[in-house]
Amino acid sequence: MKKVNLAGVKVVDVHAHPFTENRTTQSPVGFLRNLSLSVIPEMFSDLSEVEQHQPYPGSNMWIQRLLRGMSRYLNCDEEIEAIVHARNEQSKDFSSYTQKLFRDVNLQGAIMDFGYPQPPIDREKFEELCDIKVWEISRIEPLMVELSENHQLFDDFINLYRKRLQEDLSKDHVVGLKTIIAYRSGLDVEDIDEFAAKEEYETFKNDTRSPVKRLRDYCFHIAMECCTEADKFMHIHTGIGDGEVVLPKASPSYLLDIFRQKKYENTKVHLVHGGYPWMEEAAFIVSILPNVYMDISLQNPFTAHGVERIMSQVFELAPFDKVMYGSDAFTVPEMNWMGVKIFIENFERVLNSWVEKDYMDVEKAQYIGEMVLYRNFEKIYNITL
């Protein structure tokens, strides 16, 4: 029986982070740390006592899947020392190595959050490094920090904040704004309260990591308003992330009442990470609100084999034309590369299971695969590769 085959289909990653050109020799421990969502360096510290066949302490299925894939790609033993040695040799020409990885999976474009790492990486230089098309989302939190350091008065801060957001959105390569409010005060965003926001401004100036919920909620609303005016996207981090996320308030369900407000009925919203592990809530939201979309990133690739289960759950409710591929890759290009490989191998299994169950024919399943990998991006963002 004919099967869905997504190998060679062009790919656009709708959420990732740039990385710097690394000319230094990686150590095995250093490379493992680069692969982890943990913000605690001690997660990987000593590999000297690892026995044969023992998983590396602190590693999980994502790291196992990447190391196995890299050993095959680099044609070396599946041991961290051999993999990192081969990687160090091939990445001496870092740009060439990166481009080969991206061509291997036909990764042709990406929407990048240049708010991490800091200081920001230059978009044009990064685009040249990778030889793919890169669009940018402008993160609001670094701007809030920058302006608070230079403006004593709340009114000056807010006025310039709005102006700078509008300026960013006027740039052709900027497709929207992004907030990580889920890392600071949570997604239970309340209506604008200017007086309460003003009261919290001094606290924020003294500690820019402070929750200051009413100030952050106010800045969130301004960003939503600016995106509405510019007809560009508001990207909102939903679900898990690194260890700093306010996990009890990271479900996208907290945002539903905000999205239902009349003033935001035409606001384009992109739910970053699809709310994982609350992906069913995200899928429900995008199924009922016409201008809200989601990606499958972070859970892809970091849940490895779990991506198959997640895709199946997302498409229990989410329309086929409202879900996009993403990775949330950062630090090293192998993340971007393996993100595509894990996504495709799992999505092929899901799509072929639909064909086998006679939910659809193979041609329709193949087209759905292409929709999620690049066609939806082109249609939703009105950009043709």
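The values are calculated or read from the model by the stated rules, or taken from the named source; none is laboratory data. Keep in mind the model is a prediction, meaning the values are calculated, not measured. All Cβ positions, even for glycine, are placed from backbone atoms using ideal geometry, and neighbour counts span all protein chains on display. Areas reflect the complete protein model, heavy atoms only, side chains present, ligands, DNA and RNA absent. Shrake-Rupley method; radii C 1.70, N 1.55, O 1.52, S 1.80 Å.
Per-structure values
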{"quantity": "Point-charge dipole on Cβ atoms (K/R +1, D/E -1) for the stretch 249-324, about Cα centre, debye to 20", "calculated": "300 debye"}
{"quantity": "Sites GLU149 and LEU37 - FRET efficiency at Förster radius 51 Å, r taken between beta-carbons, to 0.05", "calculated": "0.95"}
{"quantity": "Within the chain, helix-based [θ] at 222 nm, where runs of 4 or more DSSP H residues each add -39,500 (n - 2.57), nearest 500", "calculated": "-13500 deg cm²/dmol"}
{"quantity": "Net dipole in debye of the stretch 131-202 [+1 Lys, Arg Cβ; -1 Asp, Glu Cβ; about Cα centre; nearest 20]", "calculated": "420 debye"}
{"quantity": "Total charge dipole magnitude, the chain, about the Cα centre, Cβ charges on Lys, Arg, Asp, Glu only, Debye to nearest 20", "calculated": "760 debye"}
{"quantity": "Among GLN261, HIS235, VAL246 - extreme Cα towards positive end, dipole of the stretch 162-309, charges at beta-carbon", "calculated": "HIS235"}
{"quantity": "Kirkwood-based Rg to Rh ratio, the stretch 247-301, C-alpha trace", "calculated": "0.96"}
{"quantity": "Cut-off under 5 Å, modelled amide H: who pairs with ALA329 long-range", "calculated": "HIS17"}
{"quantity": "Given LYS2/LYS364; LYS178/LYS262; LYS125/LYS163, the pairs whose alpha carbons are separated by over 18 Å", "calculated": "LYS178/LYS262; LYS125/LYS163"}
{"quantity": "Sparsely packed chymotrypsin sites (Phe, Trp or Tyr not before Pro) within the stretch 60-135, loop by DSSP, other Cβ within 10 Å at most 13", "calculated": "none"}
{"quantity": "Greater than 23 Å apart at Cα, pairs in LYS133/LYS263; LYS10/LYS322; LYS171/LYS379; LYS171/LYS198", "calculated": "LYS133/LYS263; LYS171/LYS198"}
{"quantity": "Rounded Å value of the spacing that divides the Cα centres of the stretch 129-166 and the stretch 267-340", "calculated": "26 Å"}
{"quantity": "Exposure of ARG123 as accessible area (Å², to 10), given a probe of 1.4 Å and all protein chains", "calculated": "30 Å²"}
{"quantity": "Euclidean distance between Cα centres, the stretch 176-227 to the stretch 73-122, Å", "calculated": "36 Å"}
{"quantity": "Reachable aspartates and glutamates from LYS357, criterion Cα separation under 17 angstrom, eight or more residues apart if same chain", "calculated": "GLU308, GLU316, GLU348"}
{"quantity": "Charge dipole of the stretch 329-379 about the Cα centre (unit charges at C-beta), most positive-ward option of ASN352, PRO333, MET371", "calculated": "PRO333"}
{"quantity": "Angle between the chain longest axis and helix 140-150 axis [Cα atoms, degrees, rounded to 10]", "calculated": "50 degrees"}
{"quantity": "Answer label for percent of Cα pairs over 38 Å apart (calculated), chosen among (1) 40; (2) 20; (3) 48", "calculated": "(2)"}
